[in-house]
Structure formats: C-alpha cells, structure tokens
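To start, the structure under review is shown below, and the notes come after it.
The values are calculated or read from the model by the stated rules, or taken from the named source; none is laboratory data. From a predicted model like this one, the values you see are computed outputs, not experimental measurements. For neighbour counting, all protein chains shown are included, and Cβ atoms are generated from backbone atoms with ideal geometry for every residue, glycine included. In case anyone asks, the SASA skips ligands and DNA or RNA and just uses the protein heavy atoms, side chains included. Shrake-Rupley method; radii C 1.70, N 1.55, O 1.52, S 1.80 Å.
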Amino acid sequence: MAIRTILHYPDTRLRNKGLPVEAVSPAIHQLIDDMAETMYAAPGVGLAATQIGEALSIFLIDIAGEDQPSDLRVFINPEIVKREGNQSWEEGCLSFPGVSEDIKRAERVTVRALDRDGKPFELEADGLLAVAIQHEYDHLMGVLMIDHVGPLKKRMMARTVQKTIGSERRA
Ligand code: GNR
Ligand code: NI
C-alpha cells in the first residue's frame with residue numbers, strides 16, 4: 001500500500017473524467033488499497049480516483065466518526081439513478097485545502113455501483129452520505145466544488161487554496 005499525492009486545484013487532471021473500470025482486477029484492488037490509505041491519512045471522508053491522477057470511475061467513502069469503527073464503502077462505475085429534494089451542506093475537499101463552503105445538493109440519492117468484489121449493489125442515502133456520494137460522483141465527471149458557487153466565491157476559493165498550500169510549503 002502507498003499514500004498517493006492528492007492533486008490540488010487548479011491541476012487540470014482534476015478535470016479528467018473517470019473512465020469505466022472494465023474488470024475488477026488485482027491492479028484495481030491495489031489502487032483501491034492506495035486510495036483508502038491516502039484517504040485515511042489525509043484524513044477525508046471520501047476520495048475519488050481522479051484526485052490522485054487516476055482517470056478511473058472509482059470512489060471511496062467512510063463517514064464513520066473518530067470514535068466509531070471504520071466503515072469503508074467502495075463505489076466502482078457508480079451511477080446516480082435518483083435524486084430527490086434539496087439540502088445545503090458545508091463541504092470541504094482534499095483538492096481545495098483550507099476551503100469550506102456551503103454547497104446545494106439533492107437531499108437523497110440512489111446510487112448503483114460495483115463493490116470491491118465487482119458485485120453490483122444499490123444504495124439509497126441521505127444526509128452526509130448523500131452529500132459525499134454527490135461530491136465524489138462530481139469528481140468522476142471532472143466537476144469540482146468551485147463549479148457550484150458564484151464568481152465572487154470562486155475567486156475566494158482559488159485564493160484560499162493558494163494561500164493554504166503556500167503556508168504548508170513554508171511550514
Ligand atoms: O473530506 C471531505 N469532507 C467532506 C465534507 C463535506 C462534504 C464532502 C466532503 S468530501 C471531502 C474529501 C474529498 O475531497 N473528497 O473528494
Ligand atoms: Ni473532493
């Protein structure tokens with residue numbers, strides 16, 4: 001396993017789409033293990049393959065709290081097949097260090113995907129899990145948090161990332 005480098009906005013590779021996984025091979029399992037290690041080290045509640053420069057349709061989510069056992073969910077070739085209602089959630093993104101912003105999403109989603117064993121499943125989610133699924137699904141479409149806000153907040157977010165990365169480098 002290895003911790004991989006998480007790409008930061010405005011890296012153009014974040015705009016690549018995740019291409020369908022043809023077979024859940026040992027190489028895919030290796031990638032999933034690297035993604036999990038990278039996500040937990042960050043730490044983050046989710047990670048999409050495109051965030052580490054792998055243009056494949058895979059994301060992981062673990063919304064378990066610090067005092068709860070880990071609950072890793074693997075989504076391969078996900079499709080959001082139903083969206084209902086509206087909610088706003090203060091989101092962060094590992095590709096936008098230092099940024100948190102209210103983003104409007106559907107309140108409830110139904111997602112179909114393959115699990116780590118390549119087995120199809122369907123999941124209905126609300127709350128943070130629904131938000132995270134929509135956030136990660138966006139990544140696989142090359143869509144980022146910044147695309148959901150107006151021009152003023154766009155500039156603020158871009159500047160916050162630059163400043164945060166800059167101060168991390170100096171530290
Ligand atoms: O760690 C993360 N936290 C988070 C909080 C609210 C809504 C979405 C997220 S996802 C983010 C990790 C990330 O960037 N995934 O792509
Ligand atoms: Ni993100």
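Looking at the chain, how many pairs of lysines come closer than 17 Å at the Cα, when each pair is eight or more places apart or spans two chains?
Eligible lysine pairs with Cα atoms under 17 Å apart amount to 5.
Rounded to the nearest 20 Debye, what is the dipole magnitude of the range 5-106 about its Cα centre when Lys and Arg each give +1 and Asp and Glu each give -1 at the C-beta?
500
On a 1.4 Å probe surface of the protein chains, which of 153, 119 comes out largest in accessible area, and what is the full order?
The residues order as 119, 153, largest area first.
Considering the dipole of the range 54-171 built from charges on the beta carbon (Lys and Arg +1, Asp and Glu -1) around the Cα centre, which of 131, 157, 109 is farthest to its positive end?
157
How large is the accessible surface per residue of the chain, computed with a 1.4 Å probe and reported in Å² as a whole number?
54
Please work out the Cα convex hull volume for the range 60-107 and give it in Å³ per residue.
120
What is the dipole size for the chain, taken about its Cα centre, with +1 at each Lys and Arg Cβ and -1 at each Asp and Glu Cβ, in debye to the nearest 20?
Roughly 900 debye for the chain.
With every protein chain left in place, what is the accessible area of residue 135 in Å² (1.4 Å probe, nearest 10)?
20
As a test question: what accessible area, to the nearest 10 Å², does residue 62 have when a 1.4 Å probe is rolled over all protein chains in place?
Accessible area of residue 62: about 10 Å².
Probe radius 1.4 Å, ligands and nucleic acids left out: which of 163, 17, 104 has the largest accessible area, and how do the rest follow?
Putting 163, 17, 104 in descending order of accessible area: 104, 163, 17.
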